[in-house]
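Q: Supplied in structure tokens, the structure appears directly below.
The values are calculated or read from the model by the stated rules, or taken from the named source; none is laboratory data. Note that the structure is a prediction, hence the values are computed from the model and not measured. Virtual Cβ from ideal backbone geometry, glycine too; neighbours counted across all protein chains shown.
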Amino acid sequence: MLNAFTVDVEDYFQVGAFADRIPTSSWDDFEGRVVPNTRSVLDLLEKHQVRGTFFILGWTAQHYPELVRDIQRGGHEIGSHSHWHQLIYEMTPEEFADDLKLSCRIIEDITSEPVKMFRAPSFSVTGQSLWALDILAENGIEFDSSIFPVHHDRYGIPDAEPFPYRIENEQGGLWEFPPSVYRVANRMNLPVAGGGYFRLYPARLTIECIHRINRSGQPFMFYIHPWEVDPEQPRLPCGWRSRFRHYQNLGSTHRKLDRLLGEVSFGTMTDALQPSLEQSACTASSTKISAGS
């Protein structure tokens with residue numbers, strides 16, 4: 001089974017955990033490391049002949065358009081990760097719509113292709129911000145990966161569907177492909193999708209969870225950030241929780257990614273969704289035939 005390999009293209013100082021200390025107005029003052037770090041991930045994908053989906057900040061695309069072109073030339077999908085990496089549930093619908101449109105316009109000007117995919121900063125489509133799904137559909141987003149079915153202090157809808165599903169709304173709807181979780185004893189969802197969880201767990205645990213989810217007939221959604229393969233990045237002042245989440249096991253991420261890509265079948269989000277899309281099309285066709293018979 002093909003699984004989705006996704007990358008949230010942001011720099012180390014743009015992480016939500018640092019937002020209260022690093023305003024967006026000061027981003028230009030920091031050493032940018034997103035280009036070499038993203039190219040390190042691109043090199044790994046090329047080594048294993050894997051195409052992925054890259055959710056890029058509009059700010060990053062604006063500052064590093066050649067990086068966006070490199071990603072596109074590699075055959076990878078490109079989506080929006082917003083422009084300013086703000087938590088959606090702390091924005092108004094109008095602010096979110098403006099931010100989304102800005103990021104998409106910048107990316108589309110570089111790629112000459114419409115942006116159809118989105119991932120919210122810090123998975124911030126929660127029960128407080130489900131209205132964002134309507135705005136996404138209104139602006140041509142067809143595939144979203146923003147609803148994490150877990151308990152967490154910053155994100156999550158614990159009882160959300162854990163596998164790809166269709167969301168219908170007045171704008172026509174979109175597909176949601178949530179970050180993957182592994183159900184433990186039918187009582188809780190263990191987050192295993194990537195990021196800090198991938199750095200925390202042994203690689204063999206992540207790989208085993210992927211295989212088990214695949215054996216249940218479902219694709220896996222994996223995500224990583226370029227700064228997670230950069231153990232030399234500057235250390236920023238922060239509380240113990242953010243320090244643990246951001247800096248744990250940075251030195252081993254590249255090696256673990258190499259192993260993961262060698263043992264698991266990955267592709268773009270669209271590729272991994274293809275069976276669901278085909279099944280949905282067949283169901284719709286059958287419904288039309290039945291209704292007309």
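Q: Out of the residues in the range 199-226 meeting the condition of being surrounded by 22 or more Cβ atoms within 10 Å (Cβ to Cβ) and of a type in the set (Phe, Trp, Tyr), tell me which one is farthest from residue 277 (Cα to Cα).
A: 223
Q: Could I ask something else about it? Could you please let me know if residue 279 is touching a helix residue (DSSP H, G or I) at 6+ places or on another chain (Cβ under 8 Å) and more than 22 Å from residue 46 (Cα to Cα)?
A: Values: touching a helix residue (DSSP H, G or I) at 6+ places or on another chain (Cβ under 8 Å): no; more than 22 Å from residue 46 (Cα to Cα): yes.
It is false that residue 279 is touching a helix residue (DSSP H, G or I) at 6+ places or on another chain (Cβ under 8 Å) and more than 22 Å from residue 46 (Cα to Cα).
Q: Would you mind stating whether residue 259 is of a type outside the set (A, V, I, L, M, F, W, C) and outside any helix (DSSP H, G or I)?
A: Details: of a type outside the set (A, V, I, L, M, F, W, C): yes; outside any helix (DSSP H, G or I): no.
Spelling it out, it is not the case that residue 259 is of a type outside the set (A, V, I, L, M, F, W, C) and outside any helix (DSSP H, G or I).
Q: Take residues that are not aromatic (Phe, Trp, Tyr) and tell me which of the strands (runs of 3 or more DSSP E) falling wholly in the range 120-223 contain 3 or more.
A: So the answer is 181-184, 188-191.
Q: Within the range 174-195, is even one residue at pLDDT below 95, surrounded by 14 or more Cβ atoms within 10 Å (Cβ to Cβ), out of contact with any strand residue (DSSP E or B) (no Cβ under 6 Å at 6 or more places or on another chain) and of a type in the set (A, V, I, L, M)?
A: No, there is no match, as no residue in the range 174-195 is at pLDDT below 95, surrounded by 14 or more Cβ atoms within 10 Å (Cβ to Cβ), out of contact with any strand residue (DSSP E or B) (no Cβ under 6 Å at 6 or more places or on another chain) and of a type in the set (A, V, I, L, M).
Q: Would you pick out the residues in the range 69-90 that are hydrophobic (A, V, I, L, M, F, W, C) and within 16 Å of residue 14 (Cβ to Cβ)?
A: Hits for the range 69-90 are 84, 87, 88.
Q: Restricting to the range 68-95, give me the number of residues that are touching a Leu at 6+ places or on another chain (Cβ under 9 Å) and either more than 21 Å from residue 28 (Cα to Cα) or part of a helix (DSSP H, G or I) (or both).
A: 4
Q: Filter the range 16-48 for residues that are closer than 22 Å to residue 79 by Cβ and in contact with a Ser or Thr (Cβ under 8 Å, 6 or more places away or on another chain); which is surrounded by the fewest Cβ atoms within 10 Å (Cβ to Cβ)?
A: 16
Q: Related question: Identify the single condition in (1) at pLDDT below 85; (2) within 29 Å of residue 52 (Cβ to Cβ) that residue 256 does not satisfy, given that it satisfies every other one.
A: (1)
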